[in-house]
Amino acid sequence: MANGNSVHRIRVESVNGGADVRILLRHPMETGTRKDSVTGITIPRHFIEEIHFEHNGEEVMAAYWSWGMALNPFVSFHIRRVRPGDVVRVHWTDNKGVSDAVEGAVALSSGKPGRV
């Protein structure tokens, strides 16, 4: 994780020769249209612009977001041809130049739907 106090969560579970990846990112994702309830001043935009997904160091997907995404976005996807112990890493940069990352190793599935 890029910062020592990251609160992002990732779960990577092995399923049928692939892996289900679930990620919960903690980010304000401000649209720039809300106003502070006390001051009435518009809260500036603050959102994740670029997000990259890697499997064992190789990029498998990238996304380019805008200011319309939800607070603390949740991302879920499936990767094929993985083995237990493989590493999935997600890193991103927001419109203010702040970046962060989270990674997790592929774990054997418990067979029960899990939470992030």
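A count restricted to the range 33-50 and to residues that are of a type in the set (Lys, Arg), loosely packed, with under 14 Cβ neighbours inside 10 Å and assigned to a loop (DSSP other than H, G, I, E, B) stands at 1. Taking the criterion of being part of a strand (DSSP E or B) and in contact with a Phe, Trp or Tyr (Cβ under 8 Å, 6 or more places away or on another chain), the residues of the range 80-109 that qualify are 88, 89, 90, 94, 99, 100, 101. The single condition among (1) of a type in the set (Gly, Ala, Ser); (2) under 16 Å from the mean Cα position of the chain (by Cα); (3) more than 16 Å from residue 11 (Cα to Cα) that residue 76 does not meet is (3). The set of residues in the range 1-32 that are farther than 21 Å from residue 101 by Cβ and either at pLDDT 95 or above or outside any strand (DSSP E or B) (or both) comprises 16, 17, 31, 32. Residues that are more than 17 Å from residue 11 (Cβ to Cβ) and in contact (Cβ under 8 Å) with a residue 24 or more places away in the chain were ranked within the range 52-63; the one that is surrounded by the fewest Cβ atoms within 10 Å (Cβ to Cβ) is 57. Of 88, 82, all but one fail to be in contact with an Asp or Glu (Cβ under 9 Å, 6 or more places away or on another chain), closer than 13 Å to residue 105 by Cα and surrounded by 14 or more Cβ atoms within 10 Å (Cβ to Cβ); the exception is 88.
The values are calculated or read from the model by the stated rules, or taken from the named source; none is laboratory data. Every value quoted in this text rests on a predicted model; they were computed, and no experiment measured them. Reconstructed Cβ throughout: ideal geometry from the backbone, glycine too, with neighbour counts over all protein chains shown.
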